[in-house]
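Shown next, in structure tokens, is the structure this report addresses.
Where a number appears in this text, it was derived from the coordinates with a stated rule and is not lab data. No experiment lies behind these values; they were computed from the predicted model shown. With ideal geometry, Cβ positions are generated from the backbone for all residues, glycine too; neighbour counts draw on all protein chains shown.
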Amino acid sequence: MTTNTPATRNAADHPLHTTPFTARADAREVIEGVDLTGRRAVVTGGASGIGAETVRALAEAGAEVTVATRRPETAEPLVRELAAVDGAGPVRTAPLDLSDLTSVDAFVRNWRGPLDILVANAGIMALPERTLTSRGWETQLATNYLGHFALATGLHPSLRAAGSARIVAVSSGAHLNAPFDFDDPHFEHRPYDPWTAYGQSKSAGVLLVAGARRWAADGITANALNPGYVLTNLQRHLDDDTMRAFGVMDDDGNVTPLPYYKTPAQGAATSVLLAASPLLEGVTGRYFEDNQEAPIVTDAEDPTGGVAAHAVDPAAADRLWEYATQALRTP
Ligand SMILES: NC(=O)c1ccc[n+]([C@@H]2O[C@H](COP(=O)([O-])OP(=O)(O)OC[C@H]3O[C@@H](n4cnc5c(N)ncnc54)[C@H](OP(=O)(O)O)[C@@H]3O)[C@@H](O)[C@H]2O)c1
């Protein structure tokens, strides 16, 4: 365990939040000794990858966890596994397809009582072709951002009722290269690019937590994070050439992580830290990676880490909140 040297978020702002946990800490380690009995959590996309490890750590710490998934049957093995763990909180599944507002509305309608933790984890990456939802929304933006916006705003009364709820948005380093394009978010006029679409949706996720500062008086905090590189189902839309270019596939088609890749449990650590660690009590509107708050960086620096200035700009956050609110209202 190491402590980061204090750094500055930007010249006029506060020192970055640090924790004693390294990039290699796993999800259990970052909340060791924390008792979440009686706390209620929702983890979207909690049936696989980073989400499943987030569910495991929260439930093992005693939380009541709802695995929100578009394919509830895929979460059943995890539910059975955790039901057999002594002291684990109850885990259940609930159907949720973030690309379909009817499904999001049904999830919200069926939710009862307060909600302490919302982990907006589900995501899809780099769809090769431009695909649209029934509302005409680009599918990555619809799933990764607009669906989560609808979910968070729909669950706002339940988050407020919890008194000190936390929202956690799982973003990605891919946000660094793709500001939200207010003129053409769905690639109607510019050429579609799978990585720009993914990155834009992940910038939107960071802006969502910046916009959620309007809920501070309700005791709600919201933070975003980059989990780091993890081999999961997320890479399903990448072809073999792209996997080889990333260095994770050999000539025989075997897929192996590079040394700096994390395990899913390590990838889930920053989510769990933000969701439940007392170290982050009251912290809001920030972006973390490797279990530390990351500095703001500018495009001119050609950054490989940190959070882009375009993703934490309060004016952009408010404009995006308004855009999403209008988009949800438009049939
Ligand atoms: N892995 C990495 O290297 C990496 C790096 C940076 C950021 N991230 C982010 O980490 C998060 C978790 O990804 P992961 O790596 O753990 O990948 P994963 O195993 O593919 O998990 C993504 C989850 O999202 C769910 N999902 C996809 N579309 C959905 C929809 N329309 N409605 C509801 N759920 C949906 C998937 O469910 P199905 O099984 O039904 O598809 C899956 O359970 C994502 O937001 C991703 O962008 C990952």
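Where both bridge residues fall in the chain, DSSP classifies roughly 15% of the beta bridges as antiparallel. Note on the chain: GNM, Cα springs under 10 Å; of Val85, Val104, Val30, the largest mean-square fluctuation is that of Val85. Exposure proxy ranking for Ile31, Ile296, based on other Cβ atoms within 10 angstrom of each Cβ and starting from the fewest, stands as Ile296, Ile31. Here each label is just a point 7 Å from Cα along the line to Cβ, and for Trp195 and Glu301 those points are 2.0 nm apart.
Multiplying the residue separation of Arg329 and Arg80 by 0.36 nm and subtracting their alpha-carbon distance yields 85.7 nm.
With contacts taken as Cα pairs under 8 Å at a separation of at least 6 residues, region 198-331 carries a relative contact order of 34 percent. Relative contact order for the chain: 21 percent, from Cα pairs under 8 Å spaced at least 6 residues apart, divided by residue count. Under a model in which nothing but the beta-carbon of Lys, Arg (+1) and Asp, Glu (-1) is charged, the chain shows a dipole of about 1120 debye around its Cα centre.
The value given for region 74-171 is a Kirkwood hydrodynamic radius of 15.0 Å, derived from the mean inverse Cα-Cα separation.
With contacts taken as Cα pairs under 8 Å and at least 6 residues apart, region 268-331 reaches a relative contact order of 18 percent.
Amide H contacts of Ala268: Ala27, each under 5 Å away and 5 or more positions distant or on a separate chain (H built 1.01 Å from N in the peptide plane; Pro and chain starts excluded).
Would you kindly calculate the translational diffusion coefficient of the chain, applying Stokes-Einstein with the Kirkwood radius from alpha carbon pairs, for 25 °C and a viscosity of 0.890 mPa s, and quote it in µm² s⁻¹ without decimals? For the chosen part, D equals 124 µm²/s. Would you mind classifying region 1-142 by shape? Square roots of the alpha carbon gyration tensor eigenvalues, ordered a ≥ b ≥ c; an a/c under 1.5 is rounded, otherwise it is prolate if a/b is larger than b/c and oblate if not. It comes out oblate by the Cα gyration axes. Just checking the listed ones, Thr74, Thr270, Thr19: in the Gaussian network model of the chain with Cα springs under 10 Å, the one fluctuating most is Thr74.
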